[in-house]
Amino acid sequence: MELASYLAGERWSDHPACTHPLLAALARLVNDNTSDESRAKLVGLVPSIIGLSSDDLRVDARIALRCATTALPVAAAERQLALAVSVLAAEEMLARLDGAPSGRLSEASRRAMAEVPHATEQARRFSRAARITEKGFRRYAAPNAVQLSVVGIVQACISDPDALLRRLLEETIADCDALIRGPRTADVPEATPAHA
């Protein structure tokens, strides 16, 4: 994040204004919890996070959701309830912001929750009783989801947590890029002229 601040022409800081605060927090956590060898591979991602900043709460919700759905299937049992609650909270916030019905789940969320049925059942009971505010989600729930997810991946019994952390960061950057900058010109099919 310090390199990002430098490349963006900002004051040297690990909290640059050029990057969404929650995305910056994820990048710092991934960097701090990755081996030295794998950390060197993260440098190439720095240019892609410059300019990814927005006040839209959907960005916070997408970051939290990506983190929680990535970590939930691999995390130890004692972390699964909190991660499942994080998935439901992020989905609820997105539904509220989009004016959609409460209780909808994306395909990624359904897959992740299916991996941990006991935690999912408990999380649903807990979430019915709790109602989170937008301010509470941004300030507490989303940052907690990110931190719990990274720790859950680091402590998981998987062969290469560094690779999963890197993939998580790459996919989260892509999510933020799509939300903040919109689809790239190359991603949008060209219109066929009417006379063709």
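The values are calculated or read from the model by the stated rules, or taken from the named source; none is laboratory data. Source: prediction; values computed, not measured. Note that we place each Cβ from the backbone using ideal geometry, even for glycine, and neighbour counts take in every protein chain shown. Only protein heavy atoms, including side chains, enter the accessible area calculation; ligands, DNA and RNA are left aside. Shrake-Rupley method; radii C 1.70, N 1.55, O 1.52, S 1.80 Å.
If I filter region 50-67 for residues that are modelled with pLDDT of 80 or more, hydroxyl-bearing (Ser, Thr, Tyr) and part of a helix (DSSP H, G or I), do I get at least one hit? Checked region 50-67: no residue is modelled with pLDDT of 80 or more, hydroxyl-bearing (Ser, Thr, Tyr) and part of a helix (DSSP H, G or I). Of all the residues in region 140-154, those that are crowded, with 16+ Cβ neighbours inside 10 Å and either farther than 17 Å from LEU26 by Cβ or of a type in the set (Ser, Thr, Tyr) (or both) number 1. Would a scan of region 47-59 turn up a residue that is touching a strand residue (DSSP E or B) at 6+ places or on another chain (Cβ under 9 Å), buried (at least 23 other Cβ atoms within 10 Å of the Cβ) and farther than 30 Å from PHE126 by Cβ? Yes, region 47-59 has at least one match. Note on region 124-139: residues that are under 16 Å from the mean Cα position of the chain (by Cα) and surrounded by 13 or more Cβ atoms within 10 Å (Cβ to Cβ) amount to 2.
Please go through region 99-123 and pick out each residue that is open to solvent by 50 Å² or more (accessible area, probe 1.4 Å) and touching a residue at least 40 places away in the same chain (Cβ under 8 Å). Even if it seems obvious, please write down each step before you answer.
In the first step, residues of region 99-123 are kept if they are open to solvent by 50 Å² or more (accessible area, probe 1.4 Å); the result is 99, 101-104, 107, 110-111, 114-115, 117-118, 121-122.
Scanning region 99-123 gives ARG111, GLU115, GLN122.
Residues in region 67-119 that are at positive phi and touching a helix residue (DSSP H, G or I) at 6+ places or on another chain (Cβ under 9 Å): 1 in all.
Part of a loop (DSSP other than H, G, I, E, B) and at pLDDT 95 or above - does that describe any residue in region 137-157? Yes, there is a match, as at least one residue in region 137-157 is part of a loop (DSSP other than H, G, I, E, B) and at pLDDT 95 or above.
Name the residue that is nearest to VAL146 (Cα to Cα), counting only residues in region 68-98 that are part of a helix (DSSP H, G or I) and touching a residue at least 60 places away in the same chain (Cβ under 8 Å).
Filtering region 68-98 down to residues part of a helix (DSSP H, G or I) leaves 68-71, 77-98.
Then drop every residue that is not touching a residue at least 60 places away in the same chain (Cβ under 8 Å), which leaves 68, 70-71, 79, 82-83, 86.
Working: ALA68: 7, THR70: 10, ALA71: 9, ARG79: 13, ALA82: 11, LEU83: 9, SER86: 9 Å.
Per the stated criteria, the residue is ALA68.
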